[in-house]
Amino acid sequence: MTAAPTLAEFRAAAKSLAGVISHTPTELSRALGDVLNAPVLLKMENLQRTGSFKIRGATYRLAQLTDDERRRGVVAASAGNHAQGVALAAQSLGIPATIFMPLGVPVPKLLATRGYGAEVILEGETVATSLRLAAEFAERTGAVLIHPFDHRDIVIGQGTLGLEVIEDVPDVDTVIMGIGGGGLIAGVASAIKQAAAEAGRTVRVIGVQAENAAAVPPSLEAGHPVEIRTQPTIADGILVAQPGDVPFELIRDLVDEVVTVSEDDIARALLVLLEHAKVVVEPAGAVGVAAILAGKVRSAGTTVPILSGGNIDPMLLQRVVAHGLAASGRYATVRIPLPDRPGQLAKISEILAQVGANVMEVLHTRHGHGLQISDMILQLSIETRGPEHTQLALDELRASGYDPQVVQD
């Protein structure tokens, strides 16, 4: 069993990181406060250097290396955030770094990692494969493997975020954050609960996982980390099949509740953060907000969701926003069978314009769908103000004699 980090260790780590990391802001969210019926403040770790909390653990871990270990260099595996954290930490400490990244890694994360001076090796389809290759590289070369979450120093470094939360929001009652391998929530839960206890208070800690990669609930049930078969999720930053041994002990003892959210929940959260908080957050960093919006978190006093990262590929952001609009009932694809006569599109467009619906895309076809030679299909993507507005547009089309059918994703 690994010794639990002490509050003194977290405070010493925070002091050592002061010249490296940013103390990220904590901002009030009235929109989320209305949903939860309690004050909600967003811890904007998406504005951290390298765009995520990972720089904390990576820098603290590398700072603890001996002179001999620094000369041997470090190796890591990551799809992006840990890679950037290790690369920047290694650059600032003058340590050679090699990073294994899976094929298909988002280009911005790849370029950023290389920009920090690390040697990047693209190999393998998944992070698990990259981690295995990194471990083999460490064995072969003597480089020190920097695990993304399963190390005590990583947990201590990530836990410094918890000290910032309680410093910025002394009356915090609940903290919510995503769980991948568990390094962040283990560190934050340990640091913030010890700091709160010192002040005679308690803080509730809630972890959130994507439904498609929820390894912690079965692990808690089993009493030890178990590996699950994951499914694809837009929250790739927490796409981990098994929590780490070191963080799991702290999660088991300190995390009060673990909930899961769907892909639609996550997409909706990103959209709300864009519109109401004016911040860009990656899917894994938005799962705490997703849990609030999905009703997975009950009101529990002053609440702080941690926006753990902001490194999202612009192409993914575009798709996620469209998906979030659909999940919020503000974007719909409608298929309308029509007689193949001139002027049909103009009539449909006029009806939609009269109710204030915006046509985003049009597909006109005479093929397939069992069409007769005199028929066609008009498929429209429309933007509305919400489910009621979408229903109004459909009702107006039907009142005009058309038969619109909503196309499900």
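The values are calculated or read from the model by the stated rules, or taken from the named source; none is laboratory data. Note that this is a predicted model, so its numbers are computed, not measured. Note that we place each Cβ from the backbone using ideal geometry, even for glycine, and neighbour counts take in every protein chain shown. Calculation scope for accessible area: heavy atoms of the full protein, side chains included, ligands and nucleic acids excluded. Shrake-Rupley method; radii C 1.70, N 1.55, O 1.52, S 1.80 Å.
Across region 353-371, the qualifying residues are those that are part of a loop (DSSP other than H, G, I, E, B) and of a type in the set (A, V, I, L, M, F, W, C), and the one among them that is modelled with the lowest pLDDT is 371.
Being in contact with a strand residue (DSSP E or B) (Cβ under 6 Å, 6 or more places away or on another chain) and buried (at least 16 other Cβ atoms within 10 Å of the Cβ) is true of residue 305.
You will find that of 231, 194, the residue that is out of contact with any Lys or Arg (no Cβ under 7 Å at 6 or more places or on another chain), assigned to a helix (DSSP H, G or I) and open to solvent by 10 Å² or more (accessible area, probe 1.4 Å) is 194 and no other.
Taking the criterion of being within 19 Å of residue 238 (Cβ to Cβ) and among the polar types (S, T, N, Q), the residues of region 267-318 that qualify are 308, 311. Looking only at region 1-47, count every residue that is part of a helix (DSSP H, G or I), open to solvent by less than 20 Å² (accessible area, probe 1.4 Å) and in contact with a Leu (Cβ under 7 Å, 6 or more places away or on another chain) and tell me the total. Residues in region 1-47 being part of a helix (DSSP H, G or I), open to solvent by less than 20 Å² (accessible area, probe 1.4 Å) and in contact with a Leu (Cβ under 7 Å, 6 or more places away or on another chain): 3 in total. Against the numbered list (1) under 25 Å from residue 154 (Cβ atoms); (2) of a type outside the set (Ser, Thr, Tyr); (3) surrounded by fewer than 23 Cβ atoms within 10 Å (Cβ to Cβ), residue 211 comes up short only at (1). Answer yes or no as to whether residue 325 is surrounded by 16 or more Cβ atoms within 10 Å (Cβ to Cβ), more than 27 Å from residue 266 (Cα to Cα), at pLDDT below 85 and within 39 Å of the chain's Cα centre (by Cα). Judged against the criteria, residue 325 is not a match. Restricting 243, 225, 247 to those that are at pLDDT 95 or above, open to solvent by less than 40 Å² (accessible area, probe 1.4 Å), on the phi < 0 side of the Ramachandran plot and more than 20 Å from the chain's Cα centre (by Cα) reduces the list to 225.
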